[in-house]
Structure formats: structure tokens, C-alpha cells
Amino acid sequence: MEKPLKLLHASLNGRVIVELRGGVEYQGVLDGYDVPHMNLVLKNADELVHTIKKGKHDKLIVRGDNIIYISP
Amino acid sequence: MEKPLKLLHASLNGRVIVELRGGVEYQGVLDGYDVPHMNLVLKNADELVHTIKKGKHDKLIVRGDNIIYISP
Amino acid sequence: MEKPLKLLHASLNGRVIVELRGGVEYQGVLDGYDVPHMNLVLKNADELVHTIKKGKHDKLIVRGDNIIYISP
Amino acid sequence: MEKPLKLLHASLNGRVIVELRGGVEYQGVLDGYDVPHMNLVLKNADELVHTIKKGKHDKLIVRGDNIIYISP
Amino acid sequence: MEKPLKLLHASLNGRVIVELRGGVEYQGVLDGYDVPHMNLVLKNADELVHTIKKGKHDKLIVRGDNIIYISP
Amino acid sequence: MEKPLKLLHASLNGRVIVELRGGVEYQGVLDGYDVPHMNLVLKNADELVHTIKKGKHDKLIVRGDNIIYISP
Amino acid sequence: MEKPLKLLHASLNGRVIVELRGGVEYQGVLDGYDVPHMNLVLKNADELVHTIKKGKHDKLIVRGDNIIYISP
């Protein structure tokens, strides 16, 4: 068994896909997170809305509330 | 009587269907969960939107917040 | 006076209707629940969307969050 | 001053109207409630959607989350 | 400075407008409230939906969750 | 650094704009607030819906839940 | 690893983009925040709705609840 936070921790410094409610997606390097909110820090993050690239961010603090899944 | 978390635990390493709000569904092997949030780790997960396959993920951390049901 | 959780407990092993937000309904045998979330385990559960049968599940963990009512 | 839970308690065994989000309404005899969730047990409950009768339930556990008002 | 709960308390026995999400409004005499939920008891309450009168209630327990504002 | 609650406190007795979800806005004198909910008391408050003035209130208790921002 | 709140703190006095649910965005100088709500104080903040500038605020208290991301 692999606990969600353990997998999240193992995903640090790797590229992840973060899917939010409303068809919004971020793809970037996971630079940090907090517990228990699962707020994330992403580096070099692309922002996609319904799979269309909308923007790029050097760093991003993503609130955990709106996250549907994180794909390492 | 079988408590929800006991059934969830018994479902580890088996294939589960995870239904989210908004017609989104994941089908994969249950690799982990946490308590009390019911965040899940799925392996080899298919992502379906209104029953149409949209993607595949080696590993997936699914937040418990958006889950409607888990079908072991 | 009959408290909600007492009635829920008395409904174990009986067939219940579980109505969720969004016109989704499950009909199955109540096999378990937890407190205080009111997550449920249903057996032999039919899934109905706007009264049309959409699927059948041997076992189902239904999160309490989305439940509107349980009818024993 | 009459506190909400005191009025709720005084309404036991009387017929109440329970209005939920989304135009759903239940009319039945208040058989129980819990604190602090305000989950309710209704007996002989009619279910109305936008004032049209949709169903009847001997007993109903209504989650407090979705309640807008209770009219004793 | 006048704290919200102090103003609410000072409004007891007076007529208040209670605005909810979704264009629903209640106008009645404030008969009680609780802390911290801000559930209310209203007497002789008119129910308005988008400013059109829809009903009248002798007494009403209004859950605090859905309240946008209370106007004493 | 200026903490949100410190700025809110410094805004007492001044005119503020309070933006809620759904295009609703209140403009009035900030007469009070509570912690941690950020419920507010406004005096001489105009109510605007999508920038059109809909009403005026001598006093208003606005629940913090629905607030998007407060502009002193 | 860089924790979300550490990055937020390091972003003080710098210009940030704050994206909210519903296509609303604020661009301003981060002047403060609180923990754990992540309510923010912004200075000289532009308000954009679907990328169109709608307003300007000297100071703004933005509730953390509605925030999707903060981009330093």
C-alpha cells in the first residue's frame, strides 16, 4: 500500500499533471506541498483550459481545495 | 456490518471504479488511501468522462472531496 | 423520538434508497456506514440517473457528502 | 427568544415542511433529529420537486447539509 | 464597532429581511438564533423568490449556511 | 506586511466595497466584523447586482462565507 | 522542497497574479496574508474578469476560499 501523501512526496522534483475542477490543468515540476491542505508549489508550469494552453508561470501556488487529481 | 473503510482496505490491490462529480470516472488498481479524507492512489488508471475514455495514468492521487462512490 | 443514526443502524441488511445531488439514486442493501460522515456500504446496488437504470454494483462505498436522503 | 434547536425539538411528532436546495421539498411528521448536523428523520413523507409530488416514503433520513428551512 | 452577533441579538423581536443564495428572501420577525451557525427562527415569515411572494410561514427555522445577509 | 484582519480593523468607520459571489456587491460603512468568519456589519449600504443598484439598507449583517473581496 | 506558505511569504512586496474561481483575476502587490485561510492583502490591484480589466483598487482583502492559484 502506498499512501497518497507518500506518493506526493516521492513525486517532488518530477513533472506532474494537476487537474482542477472546471477543465483546468497545470503541468509543471512539483516543488513543494503542505499537509493536510495539499496546497502545491509548481515550477515552470503550463496552464491548460480544456487542453488548450493558456499561460505559463515560473512558480505557482495551487490551492488544494480545487484539485481533482495529481498525476506524477 | 461492513464499515466503509474496512471495505476500502479489503479492496487494496484490486481494480476499482471511482466515480466523481461531473461525470468523471477512474478505473484502476487501488494502491492506497488515507483517513479521514479518503484520498486514493490508483495505478494503471483509465480516465473516463461521460463513459468516453480520455486518458491513462500510471499513478494517480485522487482527492477524496470529489468522490461520489468507489466500487470495488 | 428516533435519531437519524439509530434509524440508519436499524436499516442494516435491509434495502434502502439513497438519493444524491444531481438526480442520482442508488438502491441496494445497506451493509455498513460510518460516523459522523455517514459514508455507506451498499450491496447489490442499482444506480439510477433521473430514474433510468445506469448500472449495477456488487458493492459500493458511497460518500456521505453527496447524500440528500436515505429511505429505509 | 426561541433558539432554532428548541423549536425543532418542540416540533417533534408534528407535520413539518423541509425545503432543500434545488426546489426539493419534503412534507412529513418529524420523528427525530441530531445535533449539530440537523439531520432529520421524517415519517410518512411526501417528496415534492418544484411543488409536484414525486414520491412517498414511510421513513426518511434527510441530511442537514442540504436543508434551507424547516417549517413546523 | 458593532459586532455581527451583537447586532443580530439587538434585532430580536424586530422585522428582518433574510437574503439567501438563489434569489430567495424571507421577511419576518426574528425570534431566535444560534451561535456559531447563525441558524435563525423567524415568525410570520413571507417567502419571496426573485421578489415574488411564494408562501407564508407561522414559524421558520432557517439554516445559517445559505444566508447571504440579514437586514434588521 | 499588513495582515488581512489588521487592514479590516483599520477600515472600520470607512466606506468599503464588499464583493460577493454571483455579481452581488455592497457599498457601505464598515461598522463591525467578527473573527474568524469575517462576517461584517455595514451601515447605509447600497446593494448592487451586476453594478445595478437594487436596494438600500440602514444596517446589514453580511456573512463572510460568500465574500470574494473587501476593498477599503 | 519549497512549502506553499514559504513561497507566499517570499512573495511579499512583489507583484502577484491571483486567480479565483469564475474567471476573476487580481494583479497587485502582495502586502500580507494570514494562516491557515490564505486570505491576502493586495495593493494597487487590477481586477480582471475573463482577462478584461474591470476595476482598480488601492487595497484589497481577498478571501482565500475562492483562490485557485497565486503566481508570484
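The values are calculated or read from the model by the stated rules, or taken from the named source; none is laboratory data. As the structure is a prediction and not an experimental result, all values here were calculated from the model. We place every Cβ from the backbone using ideal geometry, glycine too, and count neighbours over all the protein chains shown. Ligands, DNA and RNA are stripped out before the accessible areas are found, and what is left, the full protein with its side chains, is counted by its heavy atoms. Shrake-Rupley method; radii C 1.70, N 1.55, O 1.52, S 1.80 Å.
Some points to look at:
- Of all residues in the range F:36-52, those satisfying the criterion of being open to solvent by 10 Å² or more (accessible area, probe 1.4 Å) and at pLDDT 95 or above are F:Asn39, F:Lys43, F:Asn44, F:Asp46, F:Glu47, F:Leu48.
- Per-region count, the range G:1-22, residues part of a loop (DSSP other than H, G, I, E, B), more than 25 Å from F:Gly22 (Cα to Cα) and facing chain A (nearest Cβ under 8 Å): 3
- In the range G:10-61, the residues that are of a type in the set (Val, Ile, Thr) and either within 28 Å of A:Pro36 (Cβ to Cβ) or touching a Leu at 6+ places or on another chain (Cβ under 9 Å) (or both): G:Val16, G:Ile17, G:Val18, G:Val24, G:Val29, G:Val35, G:Val41, G:Ile61
- Scanning the range A:40-54 for residues that are out of contact with any Lys or Arg (no Cβ under 9 Å at 6 or more places or on another chain) and at negative phi yields A:Val49, A:Ile52, A:Lys53, A:Lys54.
- Any chance A:Gly64 is without any contact (Cβ under 8 Å) to a residue 40 or more places away in the chain, in contact with a strand residue (DSSP E or B) (Cβ under 9 Å, 6 or more places away or on another chain) and within 19 Å of B:Tyr33 (Cα to Cα): yes
- Inclusion of B:Asn13 among residues that are open to solvent by 10 Å² or more (accessible area, probe 1.4 Å), at positive phi and at pLDDT 95 or above is warranted.
- Test for E:Leu30: is it modelled with pLDDT of 95 or more, within 11 Å of the chain's Cα centre (by Cα) and crowded, with 16+ Cβ neighbours inside 10 Å: yes
- Of the numbered criteria (1) touching a residue at least 60 places away in the same chain (Cβ under 8 Å); (2) open to solvent by 30 Å² or more (accessible area, probe 1.4 Å), the one D:Leu8 fails is (2).
- Single unsatisfied condition, A:Glu25 versus (1) at the interface with another protein chain (Cβ under 9 Å from one of its Cβ atoms); (2) closer than 25 Å to B:Ile67 by Cβ; (3) assigned to a strand (DSSP E or B): (1)
- Reported count of residues in the range E:28-57, each being within 8 Å of chain D (Cβ to nearest Cβ) and over 25 Å from F:Gly22 (Cα atoms), is 6.
- Criterion violated by G:Gly64 - all others in (1) under 22 Å from A:Arg21 (Cα atoms); (2) open to solvent by 20 Å² or more (accessible area, probe 1.4 Å); (3) at the interface with chain A (Cβ under 10 Å from one of its Cβ atoms) satisfied: (2)
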